[in-house]
Amino acid sequence: MRPAVFLDRDGTLLKFVDHLIDPAQVELSPGAVVALQRLRNSGHAIIVITNQPLIGRGLATPDQVAQVNEEMNRKLRALGSSIDAVYVCPVAPTGNDPTIIEHVDRKPGPGLLMRAAVDHGIQLDRSWMVGDSVRDVLAGRNARCFGQVLLTNGKPIRNEEIQRISPVLTAPNLCGAVDLILRVKLKA
Ligand SMILES: [Mg+2]
């Protein structure tokens, strides 16, 4: 059993692009390769967990989303990096409250993290969830991960949002999140 860092995709491992279905628009976040390398060196599995409601809304096909994920993997491999797996939730929400679990697999639901834990021999209570939304943080909490880091990506976080999930660790970007994670690990 090993720990994992679960990563959101859009706005976390990849630069945020609205309605990302064109592989040509895939761009890794700054510092992503170094961040992943540091997580690997510290013995973490790296699993991407992504909500893709475009599929459920009929605005993208599962194949289009898979092609974006493949391009992400190709770009990582080209730079000598990799992730262990990508789990996609295709379900579209009916409401817009990010704290409500509408489907167990759709973040903030813990379903995909729990499935990944079984598939990859991951110990959830030593693992982390990193993402740029309330849904990501709560998915990590609902899966009983050890910790969660909310990425601010240089934007102010809306107060009402942060109050709903307070207290929460924040970092300006993926590299900052990895700094936090490895610091805690050293103390453990
Ligand atoms: Mg995101």
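The values are calculated or read from the model by the stated rules, or taken from the named source; none is laboratory data. None of these values were measured; they are calculated from a predicted model. Virtual Cβ from ideal backbone geometry, glycine too; neighbours counted across all protein chains shown. Note: accessible area is taken over every heavy atom of the protein model, side chains too, but ligands, DNA and RNA are not part of it. Shrake-Rupley method; radii C 1.70, N 1.55, O 1.52, S 1.80 Å.
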| request: Could you point to the residue in Q148, T61, V104 farthest towards the positive end of the chain's charge dipole, with +1 and -1 charges on the Cβ of Lys/Arg and Asp/Glu respectively? | output: Q148
| Taking H as built 1.01 Å from N, whose amide H comes closer than 5 Å to the amide H of T170, not counting residues under 5 places away? | L150
| Cα centroid separation, region 139-185 to region 90-125 (Å) | 17 Å
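Within 12 Å, Cβ to Cβ, of I100, how many net charges do the neighbouring residues add up to if Lys/Arg are +1 and Asp/Glu are -1? Intermediate results must be reported in sequence, preceding the final value.
On the way: positive: R106, K107, R135, R164; negative: D97, E102.
Its environment carries a net charge of +2.
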| task | Would you rank H44, H103 by solvent-accessible area, highest first, keeping every protein chain in place and using a 1.4 Å probe? | result | H103, H44
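Using packing as a proxy for protection, rank 91-101, 1-11 so that the peptide with the highest average count of other Cβ atoms within 10 Å comes first. Could you put the intermediate results ahead of the total?
On the way: 91-101: 13.1, 1-11: 21.9.
For the peptides 91-101, 1-11, the packing ranking is 1-11, 91-101.
Counting only protein heavy atoms and using a 1.4 Å probe, what share of the accessible area of region 4-187 belongs to carbon plus sulfur, as a whole percent?
Details: 4470 of 8590 Å².
Carbon and sulfur together cover 52 percent of it.
Using alpha-carbon pairs under 8 Å, 6+ residues apart, how would you state the relative contact order of region 91-188 in percent? Mind dumping the intermediate values first?
Details: 141 pairs, mean separation 19.6, N = 98.
After rounding, I find 20 percent.
Accessible area per residue, 1.4 Å probe, Å², for region 31-99: what's the number? Spell out each step's value before the answer.
Working: 3100 Å² over 69 residues.
Accessible area per residue, region 31-99: 45 Å².
What does the helix-only formula give at 222 nm for the chain: each DSSP H stretch with n ≥ 4 adding -39500 (n - 2.57), the total divided by the residues, and the result rounded to the nearest 500 deg cm²/dmol? Could the numbers behind the result be given before it?
Details: 7 runs with 71 residues, N = 188.
After summing the helix terms and dividing by the residues of the chain, the value is -11000 deg cm²/dmol.
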| field | Binned Cα-Cα distances of the chain, short to long, each 10 Å bin given as a whole percent | value | 10, 40, 40, 11, 0
| task | Rounded to whole Å and ordered largest first, report the semi-axes of the equivalent ellipsoid of region 1-59 derived from its Cα gyration tensor (root of 5λ). | result | 25, 15, 7
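With every protein chain kept in the model, how would you rank V34, V178 by accessible area, 1.4 Å probe, largest at the top? Before the final figure, lay out each step's value.
Values: V34 90, V178 0 Å².
Most to least solvent-accessible, the answer reads V34, V178.
If you place +1 on the Cβ of every Lys and Arg and -1 on the Cβ of every Asp and Glu, how big does the dipole about the Cα centre of the chain come out, in debye to the nearest 20? Show your work: numbers first, answer last.
Details: 22 positive and 19 negative charges, 145 e Å.
Result for the chain is approximately 700 debye, rounded to the nearest 20.
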| request: If a/c stays under 1.5 just call it rounded; otherwise compare a/b with b/c (prolate if a/b is bigger, oblate if not). Do that for region 92-188, with a ≥ b ≥ c from the square roots of the Cα gyration tensor eigenvalues. | output: oblate
| request: Could you count how many Lys pairs in region 4-187 have their Cα atoms under 25 Å apart, skipping same-chain pairs fewer than 8 positions apart? | output: 4
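What does the charge count around F16 come to, taking other residues whose C-beta lies under 15 Å from its C-beta (Lys +1, Arg +1, Asp -1, Glu -1)? Can you show the working numbers first?
Details: positive: R9, K15, R135, K155; negative: D8, D10, D18, D22, E27, D132, D136.
The answer is -3.
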| field | Label-point separation, Q25 to R77 (7 Å along Cα→Cβ), nm | value | 2.4 nm
